[in-house]
Amino acid sequence: FPLLAHAADVLSIPFVGLSTTLSKINRNRSQAKRVLKAEVEALRLIHTNPRGTQEVIRRRFAMDEQMATDSYHVVVSSFSQDGRIPHQGIGALLETEKKDGAVPQSVTVEQVTDSTLIDEAIRELGGK
């Protein structure tokens, strides 16, 4: 089938990410930051080393080279460049959850996100 559009080019809805509790961060902030740094480094590699990433996909999912290459190109734009999740995407997800009655109408993006730790991790890795 011909590809009409990549969903990530049209929608901003987070489908993958890391989360934890405030309690965990307060108990072991350095561990949480190390996990985030590893995630950021992996995301950077995915975006800057397509051939290497395609090889990982090929081996991990027992695909031929063309299928791994095609799969990479279909999903790469869905992955954040730096681990941050756009607030508009979280807002869209929250709106869906509110319509389904899964979360109260009063919940805001600011109540469910805190980018402080990812911002620290990115700065420490030499990013902005």
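The values are calculated or read from the model by the stated rules, or taken from the named source; none is laboratory data. All values reported here derive from a predicted model rather than from experimental measurement. Backbone-built Cβ (ideal geometry, glycine too); neighbour counts: all protein chains shown. SASA here: full protein model, heavy atoms, side chains in, ligands and nucleic acids out. Shrake-Rupley method; radii C 1.70, N 1.55, O 1.52, S 1.80 Å.
For region 13-27, the criterion of being open to solvent by less than 70 Å² (accessible area, probe 1.4 Å) and either within 16 Å of the chain's Cα centre (by Cα) or of a type in the set (Asp, Glu) (or both) is met by at least one residue. Here is a check on your reading of the model: is VAL35 surrounded by fewer than 16 Cβ atoms within 10 Å (Cβ to Cβ), at pLDDT 90 or above, under 30 Å from PRO2 (Cα atoms) and under 16 Å from the mean Cα position of the chain (by Cα)? No; evaluated as a whole, the condition is false for this residue. Taking residues in region 83-105 that are modelled with pLDDT under 90, and partners anywhere that are open to solvent by 60 Å² or more (accessible area, probe 1.4 Å), the pairs with Cβ atoms closer than 8 Å and at least 6 places apart or on different chains are GLY83/LEU18; GLY83/GLU39; GLY89/LEU11; GLY89/ILE13; ILE90/VAL112; ALA92/LEU11; ALA92/ILE13; LEU93/ILE13. One residue stands out in region 46-81 among those that are hydrophobic (A, V, I, L, M, F, W, C) and at pLDDT 95 or above: the one that is nearest to the chain's Cα centre (by Cα), namely ILE46.
Only a single criterion out of (1) at pLDDT below 95; (2) of a type in the set (Gly, Ala, Ser); (3) surrounded by 13 or more Cβ atoms within 10 Å (Cβ to Cβ) is not satisfied by ALA5, namely (3).
Of all residues in region 77-124, those satisfying the criterion of being open to solvent by less than 50 Å² (accessible area, probe 1.4 Å) and assigned to a loop (DSSP other than H, G, I, E, B) are SER80, ASP82, GLY83, VAL103, VAL107, THR113.
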